[in-house]
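Chemist: Mind looking over this structure? Questions follow.
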Amino acid sequence: MIAFGSPIVHPEVYDRVAGPGIGFAAEADSQVLPYRAAGSIFRSYNLLLDRAARFEDLEALVLIPEDTEIVDPEFCAKVRRTLSDEDVGVVGCIGAKGVRSIAWWEGSVTWASFIHRYPERGGGALPGFAWKDSEMPAYARTGEVDMVDGFLMVLAPWTVRNLRFDESLGKLHGYDVDFCLQVREAGKKVMTADLRAIHHHGLDLISDPDGWIEAHVAIAEKWDGRLARVGQAGGDWRQRARRAEAEAELARASARSQQLHHEAREREVNESISWRLTRPLRWVNSWRAELKRALRPNRPAPSGLLPLRRRSRR
């Protein structure tokens, strides 16, 4: 039996997104566990794990937030195939290798079979690179990774009964990375599979910067030295601090560069053929308007006209 658990903060979102998705993917004997969220997502998920651990016939527990919609008609079959390997502890549809912190996207993302659907700008959708078979890059492949994104996590029965989310780390950020690190430390595999889902989420991925920074520090300190490359980088703490400052400045420079690119694109539009052809006429109209303003009483002449008057007196 495959169980589905979702912590609910906004019931109307669950009824519109996660609920129908679970109904689409679930089997006749599936257990559906829609629980009211209890404080942090760490705590909410632990309550779901405690409940699912009581099922003797549990094959997997699917954890999704209320804004995740499962759209894969073969979802349960794919979950069973992936979990047929008893060494697998957790499965997801987005995964990365070389992850050192909760900024997992800085690693090498090897699979992304999802769609990001956002409400801004009238609504839109951004498909992951592994969504369409015809557009899949050469590096896209399912398999073992360092972590999977928490918007869809499938836990094996062993994982449900032996591991828990670390509630000391915060309320929201980093729960998925920390949990995957626990799975790996226990000797189990973190895997990606071709599971299809839609994440209904705004374009601002980090809504709580202060909380994200606190979770980043807490998880880095927790895992420093426990797993290779996790929570640490080359050099001593002074060198890492200076590098962090440099990376922050680099991020600001990158943002400014993007702004300049945007301004350059606007300038290209302004420098089109029609714009260039009408430039003399626009210059004359501007000069005439400036002359009229200069001839008004008690108005100083514009500096651009002074050389013309001086030359006319000679």
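Chemist: Determine the gain in length on full extension of the stretch TYR139-GLU86; use 0.36 nm per residue of separation and subtract their C-alpha separation, reporting nm with one decimal.
Modeler: 16.5 nm
Chemist: Follow-up question, since we're still on this one. Averaging over every viewing direction, what projected area does the convex hull of the Cα atoms of the stretch 131-203 cover, in nm²?
Modeler: 6.5 nm²
Chemist: Could you list LYS132, LYS171 in order of exposure, starting from the residue whose Cβ has the fewest other Cβ atoms within 10 Å?
Modeler: The fewest-first ordering by Cβ neighbours comes to LYS132, LYS171.
Chemist: Could you work out, for the stretch 2-232, what percent of all Cα-Cα pairs fall into each 5 Å distance bin, beginning at 0 Å and stopping at the bin that holds the largest distance?
Modeler: Each 5 Å bin holds this share of Cα pairs: 1, 7, 14, 20, 22, 19, 12, 5, 1, 0.
Chemist: Quickly work out the LEU281-to-ASP204 label distance, labels modelled 7 Å from Cα along the C-beta direction, and quote it in nm with one decimal.
Modeler: Distance between the two pseudo-spin positions: 4.4 nm.
A short reminder: the numbers here are calculations on the coordinates, not readings from a lab. Note that the structure is a prediction, hence the values are computed from the model and not measured. Quick reminder, even Gly has a Cβ in these numbers, built from the backbone with ideal geometry, and neighbours come from all protein chains shown.
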